[in-house]
Amino acid sequence: MHNSGSGFSGQKRLLSSGKAEETVQYVKDAFFQADDLKMKQLIFNGKPAYIMYIDSIADRDQIQTNVLKPLLKTPEGKIEDLAAVTILKKTYELEQAVQAMLEGDCLFFTDGRKELCLLNVYKKDMESGQEPNNEKIIRGSHQSFSENVMKNIHFIRERIKSPALTVKFHSVGRTSRSKLAFVYVGKIANPALLEEIERRLSYLQVDSVQSPGYFEEFIEDCPFSPFPQILNTERPDRAAANLMDGRIAVLMEGSPTVLILPATFFSFFQSSEDYNMRTVLGSFFRLIRVISFIIALILPAFYIALVSFNYEVIPVEIVFSIKNSLEFVPFQPVLEAMIMQLTLELLREAAIRLPKAISQTIGVVGGLVIGTAVVDAHLVSNTMIIVVAITAISSFVIPSNEMSNTIRILGFPIMLMSALFGFFGIVISMMLILVHLVKLQPFGSPYLYPLAPFNTKFFKDTVLRFPVWMMNERPEDAKPVYLWKESRSRGWKRNE
């Protein structure tokens with residue numbers, strides 16, 4: 001079922017009858033019955049009157065002070081008197097009134113009168129000066145989400161000025177009653193996806209949900225999978241872009257992190273900066289991230305297999321260098337790698353938990369003092385230090401912290417397999433990971449799409465980024481109601 005919004009056809013429509021009930025129904029349908037669409041009913045000049053506004057955009061204090069109080073001040077009030085306290089506009093067109101509400105106006109109308117009044121009550125204190133902590137970019141927006149859910153909805157509505165942007169509120173936790181908001185574009189997102197999320201939410205029986213991580217673990221398909229199945233972001237521009245692809249955003253009160261679902265494997269390698277640079281540069285850096293994923297995953301295991309099983313593969317000049325570095329090391333290469341990887345994880349955890357000024361000192365101590373000391377003590381070879389350093393740098397290249405953590409965890413079993421079976425163990429490990437990725441279908445969407453199922457048409461925004469004007473189709477993984485984006489040449493095309 002596609003909820004298109006009754007009466008919202010994109011053509012100008014006049015208020016012919018002047019019946020307030022028809023106007024109310026039109027506005028509600030135009031906004032897809034969004035929960036942040038608010039309405040107040042009052043009596044003005046002896047007739048029923050209504051005030052309608054978008055709660056995440058309009059300022060309640062201004063409505064109370066500049067609209068309600070002046071209207072109720074005298075029994076025979078005049079609408080024109082409101083021009084003294086706020087900007088007053090009049091129109092007879094319902095579509096124009098709906099668009100004005102998206103700009104921060106509240107709509108006032110009375111029964112039996114065709115004239116619609118628009119009063120400016122835009123919420124001006126919503127600008128965020130905070131830059132994203134985990135998704136920093138050089139060129140592009142430097143705005144991040146806050147811990148106020150209404151403020152976060154405001155940021156999204158600022159980027160998608162469409163009445164089809166729909167907000168649905170829910171509460172989770174029998175005791176905490178934490179506030180959740182589902183945000184999606186009503187005429188693009190698949191209603192079946194929203195129904196599936198709400199169905200899973202209905203089974204959630206816990207006393208308290210304090211962060212999106214709790215909620216994420218309850219609704220994901222494979223909670224024991226090491227790979228993240230829901231995309232986390234703290235950038236409003238990234239959330240808005242995913243909403244326009246037909247995905248659903250989950251916002252939670254008290255958290256600056258927004259969940260985007262469904263997510264694919266390649267979405268964790270995308271950055272907002274990719275779309276703010278030239279196509280060749282964007283494709284190059286995205287390709288670097290994919291290569292970094294492979295390096296971080298198998299480089300230590302590859303080194304272990306070389307020095308333990310397949311010395312003949314290494315060039316002769318390098319063999320002597322590696323042999324000299326390993327001559328006085330008492331540990332097997334796999335144990336060397338395990339010790340250094342665990343040490344790196346300890347340093348990383350220490351840097352995260354300590355204050356910012358001290359964490360930088362930890363990095364210097366770990367990188368210089370400990371690294372030099374273990375080599376001089378012949379506990380670890382020079383070559384292993386280089387391998388672990390390249391592996392760590394490669395894992396940090398990936399934009400998603402969740403995917404970066406996954407790579408570091410998977411590196412340990414792959415190292416064990418390479419120590420037992422050499423290159424054959426690495427191949428078996430990669431095959432098992434690939435089979436697992438192919439089987440993953442979070443919320444019914446293939447995780448490796450468009451690689452599996454294979455679809456060349458949608459490779460334009462995966463490993464490489466094609467020019468924006470060539471990406472004129474929505475990806476099919478979220479099964480959007482409308483597949484084609486709005487463009488000068490094509491317009492909207494229904495996804496058959």
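The values are calculated or read from the model by the stated rules, or taken from the named source; none is laboratory data. The model shown is predicted, which means the values in this text are computed figures rather than measured ones. So basically every Cβ, Gly included, is an ideal-geometry build from the backbone, and we count neighbours across all protein chains shown. Note: accessible area is taken over every heavy atom of the protein model, side chains too, but ligands, DNA and RNA are not part of it. Shrake-Rupley method; radii C 1.70, N 1.55, O 1.52, S 1.80 Å.
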message: Just checking, does segment 421-438 include any residue being touching a residue at least 24 places away in the same chain (Cβ under 8 Å), part of a loop (DSSP other than H, G, I, E, B) and more than 22 Å from residue 245 (Cβ to Cβ)?
response: yes
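Please verify whether residue 113 is more than 25 Å from the chain's Cα centre (by Cα) and farther than 30 Å from residue 44 by Cα, treating the condition exactly as stated.
Details: more than 25 Å from the chain's Cα centre (by Cα): yes; farther than 30 Å from residue 44 by Cα: no.
When the stated conditions are applied, residue 113 does not pass them.
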- request: Looking at (1) at pLDDT 90 or above; (2) open to solvent by less than 30 Å² (accessible area, probe 1.4 Å), find the lone condition where residue 241 falls short.
  value: (2)
- prompt: In segment 247-258, is there at least one residue being modelled with pLDDT under 90 and either among the β-branched types (Val, Ile, Thr) or open to solvent by less than 20 Å² (accessible area, probe 1.4 Å) (or both)?
  reply: yes
field: Residue that is polar (S, T, N, Q), more than 23 Å from residue 211 (Cβ to Cβ) and open to solvent by 20 Å² or more (accessible area, probe 1.4 Å), where the choices are 134, 190
entry: 190
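Looking only at segment 393-424, how many residues end up being under 23 Å from residue 307 (Cβ atoms) and of a type in the set (S, T, N, Q)? Write out each step before concluding.
Going residue by residue through segment 393-424, those that are under 23 Å from residue 307 (Cβ atoms) are 393-395, 407-408, 410-424.
Filter once more, keeping what is of a type in the set (S, T, N, Q): 394-395, 418.
Qualifying residue count, segment 393-424: 3.
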- prompt: Within segment 407-418, can one find any residue that is open to solvent by less than 10 Å² (accessible area, probe 1.4 Å), at pLDDT 90 or above and closer than 16 Å to residue 229 by Cβ?
  reply: yes
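Taking segment 395-406 as the region of interest, how many residues are among the charged types (D, E, K, R) and surrounded by fewer than 17 Cβ atoms within 10 Å (Cβ to Cβ)? Give the derivation first.
Step one: list which residues in segment 395-406 are among the charged types (D, E, K, R), which gives 402.
With surrounded by fewer than 17 Cβ atoms within 10 Å (Cβ to Cβ) added as a condition, the list becomes none.
Of the residues in segment 395-406, 0 are among the charged types (D, E, K, R) and surrounded by fewer than 17 Cβ atoms within 10 Å (Cβ to Cβ).
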Positions within segment 29-78 being open to solvent by 50 Å² or more (accessible area, probe 1.4 Å), within 29 Å of residue 149 (Cα to Cα), without any contact (Cβ under 8 Å) to a residue 40 or more places away in the chain and not hydroxyl-bearing (Ser, Thr, Tyr), in sequence order: 38, 39, 40, 41, 60, 61, 64, 69
- prompt: Restricting segment 419-468 to residues that are open to solvent by less than 20 Å² (accessible area, probe 1.4 Å) and among the polar types (S, T, N, Q), which is modelled with the highest pLDDT?
  reply: 429
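Just checking, does segment 204-213 include any residue being closer than 27 Å to residue 134 by Cα and modelled with pLDDT of 90 or more? Full working, then the answer.
As a first pass, look at segment 204-213 and keep what is closer than 27 Å to residue 134 by Cα: 208-213.
Next cut, modelled with pLDDT of 90 or more only: none.
No: segment 204-213 contains no residue that is closer than 27 Å to residue 134 by Cα and modelled with pLDDT of 90 or more.
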